[in-house]
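Quick notes on the structure that follows.
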């Protein structure tokens with residue numbers, strides 16, 4: 001294993017190729033005139049991440065940045081057998097999907113110059129990864145000044161540091177938006193060698209933190225309903241889970257609300273205009289009217305979003321809770 005600085009940055013979605021298992025692995029050689037380093041070609045790594053780390057360290061010392069490009073997979077097993085890492089100035093700006101329009105997609109600045117520098121690794125029979133192609137010919141100037149080379153995405157690790165993430169979370173909890181968090185953090189930096197954080201980086205950190213915190217709060221809420229069920233045997237609650245097992249929607253109704261619905265189910269008022277402040281989740285109460293003209297609560301829900309599939313889940317749970325009895329009319333916002 002080759003050790004070095006860890007970096008995890010993808011400037012653009014990677015391209016994946018699938019082939020048949022019987023297709024031989026073609027060794028791509030450098031064309032005449034391209035720079036080759038025999039000490040790098042043939043190097044062996046335990047994992048693709050080790051190869052990426054090595055190439056990123058090499059790039060840092062030589063004044064350029066890198067990114068992941070293509071992954072080739074066997075058609076039947078879907079197992080990767082080749083990966084390509086390229087200079088971050090590889091390729092060119094892409095035009096709009098409608099090429100005839102001649103309109104370029106909006107991008108911050110021109111960074112792609114068609115550089116051909118790359119490192120290709122292939123998987124051998126032992127499960128190791130070896131360098132089969134290394135092209136070190138660049139068509140642009142190198143960033144040999146440390147403050148400049150740190151601007152490359154693959155070398156910019158400040159936004160991934162615990163110090164920066166902690167600061168992002170604290171500012172986000174104070175009510176600042178990602179763009180405001182970005183301005184605050186960049187304004188507090190004391191070193192020009194540290195690259196600026198972006199609004200997207202701030203948004204990603206805040207989103208992940210909110211998801212983790214929301215999960216803890218949800219489990220506390222579930223525990224509350226479980227304890228309450230020991231006293232109210234007619235209580236009903238249901239939780240909708242994400243693919244990773246984290247709660248995303250929850251519906252509940254106590255025994256008193258369920259009993260009231262059996263008597264006053266003619267009209268149900270369903271409203272999602274309420275929004276919880278901390279988690280930005282729609283709160284959806286189901287309300288009816290009794291024979292005295294007073295509002296009565298039939299049930300409540302916290303929802304991840306207001307998409308169609310979310311409401312389908314909610315109404316399914318409502319009918320299960322209310323013994324399959326449909327209201328005669330539903331009034332919504």
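Laboratory data are not the source of any read-out in this text; all were calculated from the coordinates shown. Note that this is a predicted model, so its numbers are computed, not measured. No Cβ is skipped: glycine too gets one built from the backbone with ideal geometry, and neighbour counts run over all protein chains shown.
Values for this structure:
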item	result
Viscosity 1.002 mPa s, temperature 20 °C, Stokes-Einstein D of the stretch 232-332 from Kirkwood C-alpha radius, µm²/s	153 µm²/s
Inter-site label distance for residue 306 and residue 153 at 7 Å from Cα along Cβ, in nm	3.3 nm
Label-point gap, in nm, between residue 174 and residue 229 - each point 7 angstrom along Cα→Cβ	4.2 nm
Extension gain, residue 208 back to residue 140 (0.36 nm per residue minus Cα-Cα distance, nm)	20.8 nm
Peptides 297-306, 322-331, 229-238 ordered by average Cβ neighbours within 10 Å, highest first	297-306, 229-238, 322-331
Residue 39-residue 242 pseudo-label distance in nm [points 7 Å out on the Cα-to-Cβ vector]	4.6 nm
Most to least packed among 199-211, 70-82 [average Cβ atoms within 10 Å]	199-211, 70-82
Gain in span if fully extended, residue 78 to residue 216, counting 0.36 nm per residue against the direct Cα distance	46.1 nm
Length gained when the stretch residue 326-residue 188 is fully extended (0.36 nm per residue, less Cα-Cα span)	43.9 nm
